[in-house]
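The values are calculated or read from the model by the stated rules, or taken from the named source; none is laboratory data. Please read all numbers here as calculations on a predicted model, not as lab measurements. Note that each Cβ is placed from the backbone with ideal geometry, even for glycine, and that neighbours are counted across all protein chains shown. We work out accessible area using only protein heavy atoms, side chains counted, and drop any ligands, DNA or RNA first. Shrake-Rupley method; radii C 1.70, N 1.55, O 1.52, S 1.80 Å.
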Amino acid sequence: FLIGDGAAHGGNAARLAANFSTFTHAGKAIACDQLSRSDIDGTNGFVSLYGTMPPGWPGGWKAVDNSYVPIASVADWKAFYASMFAAGNANFAKAQALKTQLDAATTAEQVAAIAW
């Protein structure tokens, strides 16, 4: 949790970093950096528009450990996307909790103890 230009800025910066790191799906860490997220969002757009996996779909998503998580159907894709959403939602809740702690802090030590 970065204390920089105020709690809201610092908390949002930490949440942004967390959202663009990884999420877990099917027990595997999935990259969610800017390029990976762009690929995920593009695939999701196709699935949302056409109700099917894209032409040439490889049948899965590459995990951080270079293994593949099978994604053979729209239902599998929805579960994958839900995992990413759940991680982002958890990051938002964590940021809000940290901001609440920061608002309640009354000493420099208490502020220093607040970390992502």
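Inspect all residues belonging to the stretch 62-77 and state whether any of them is more than 30 Å from Ala13 (Cβ to Cβ), open to solvent by less than 30 Å² (accessible area, probe 1.4 Å) and without any contact (Cβ under 8 Å) to a residue 24 or more places away in the chain.
yes
Residue by residue through the stretch 9-35, note down the ones that are more than 14 Å from Tyr68 (Cα to Cα), at pLDDT 95 or above and open to solvent by less than 40 Å² (accessible area, probe 1.4 Å).
If the condition is that a residue be more than 14 Å from Tyr68 (Cα to Cα), at pLDDT 95 or above and open to solvent by less than 40 Å² (accessible area, probe 1.4 Å), then Phe23, Cys32 are the ones that fit.
For the stretch 33-46, does any single residue satisfy the condition of being more than 18 Å from the chain's Cα centre (by Cα) and part of a loop (DSSP other than H, G, I, E, B)?
no
Are any residues in the stretch 93-116 part of a helix (DSSP H, G or I), within 18 Å of the chain's Cα centre (by Cα) and surrounded by 14 or more Cβ atoms within 10 Å (Cβ to Cβ), and if so, which ones?
Hits for the stretch 93-116 are Lys94, Ala95, Leu98.
Just to be sure I understand, how many residues within the stretch 38-55 are open to solvent by 60 Å² or more (accessible area, probe 1.4 Å) and in contact (Cβ under 8 Å) with a residue 40 or more places away in the chain?
Summing the residues that are open to solvent by 60 Å² or more (accessible area, probe 1.4 Å) and in contact (Cβ under 8 Å) with a residue 40 or more places away in the chain in the stretch 38-55 gives 0.
Considering only residues that are farther than 23 Å from Ala18 by Cβ and outside any loop (DSSP other than H, G, I, E, B), which ones fall in the stretch 47-76?
Val47, Ser48, Leu49, Tyr50, Gly60, Tyr68, Pro70, Val74, Ala75, Asp76
Taking interchain pairs and intrachain pairs at least six residues apart, which have beta carbon atoms under 9 angstrom, with the first residue in the stretch 80-100 and free of Cβ contacts under 8 Å to residues at least 40 places away in the same chain and the second open to solvent by less than 50 Å² (accessible area, probe 1.4 Å) and not in a helix (DSSP H, G or I)?
Every condition considered, the pairs that remain are Ala82/His25; Phe85/Phe23.
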